[in-house]
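Read through the structure below, which is laid out as structure tokens, and then see the notes.
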Amino acid sequence: MPTHEARLRAVARRTLPPPIAERWISLIRPAVRLRPARRGDRVVGRLGGCPAVPHDFEWPVWPGEGSLSFVASVDCAKLPRESIDLALPADGTLDSFPATT
């Protein structure tokens, strides 16, 4: 059975003009699915709730609107490096708060 990536490549080559298909295929990357942790899982982040931040952390504020909500955090040291080809830090935490416009 073909891998998910192989199926994506085949669909792109079948439905897109060749230069666009190859460009699109070059952008395919492994994905991470967020779901509740189960016993034995490698926990690499947190979705919602209260983030683990230093006591002197300055909470982000949207001027005129108030404090932003915490969305998610990822512990870079716990990421499965064998399946990620993104230039992420080897350690530290990436925190996400809603973007403002």
Original post:
For region 1-96, what is the accessible area per residue in Å², given a 1.4 Å probe and the full set of protein chains?
Top reply: 82 Å²
Original post:
What's the longest bit of the chain with no exposed GluC sites (Glu not before Pro), using DSSP loop states and at most 11 other Cβ atoms within 10 Å as the test?
Top reply: 1-57
Original post:
Can you list the equivalent-ellipsoid semi-axes of region 6-55, largest first and in whole Å, using the square root of 5 times each Cα gyration tensor eigenvalue?
Top reply: 38, 14, 8
Original post:
Per-residue HN-Hα couplings for region 72-84, Karplus 6.51 cos²θ - 1.76 cosθ + 1.60 at θ = phi - 60°, whole Hz, x for Gly and Pro?
Top reply: 7, 9, 10, 8, 4, 5, 9, 5, x, 4, 5, 10, 10
Subject >> Cβ-derived FRET efficiency at R0 41 Å, A52 paired with L16, nearest 0.05 >> reply: 0.45
Subject >> GNM flexibility winner over the chain from S83, S26, S69 (Cα, springs under 10 Å) >> reply: S26
Subject >> Using θ = phi - 60° and Karplus 6.51 cos²θ - 1.76 cosθ + 1.60, couplings along region 14-26 (whole Hz; Gly, Pro as x) >> reply: 7, 10, 10, x, x, x, 6, 4, 5, 5, 4, 4, 5
Original post:
How would W24, W59 line up by accessible area, probe 1.4 Å, largest first?
Top reply: W24, W59
Original post:
Round to a whole number: what % of the accessible area of the chain belongs to carbon and sulfur, probe 1.4 Å?
Top reply: 58 percent
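Using alpha carbon coordinates only, what is the Rg to Rh ratio of region 18-101, with Rh defined as the Kirkwood radius?
Taking Rg over the Kirkwood Rh, I get 1.06.
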Original post:
Of P51, P18, P60, which is the most mobile in a GNM of the chain whose springs link Cα atoms less than 10 angstrom apart?
Top reply: P18
Original post:
For V71 and W24, what is the calculated FRET efficiency with R₀ set at 22 Å and r taken between the beta-carbons, to the nearest 0.05?
Top reply: 0.20
**OP:** Distance from a point 7 Å along Cα→Cβ of E82 to each backbone N in region 33-68: keep the residues under 13 Å and list them by number.
**Re:** none
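The values are calculated or read from the model by the stated rules, or taken from the named source; none is laboratory data. Predicted, not measured: the structure shown is a model, and the values here were computed from it. When we count neighbours, we look across all protein chains shown, and the Cβ atoms used for this are built from the backbone with ideal geometry, even at glycine. These accessible areas exclude ligands, DNA and RNA; they are computed on the full protein's heavy atoms, side chains included. Shrake-Rupley method; radii C 1.70, N 1.55, O 1.52, S 1.80 Å.
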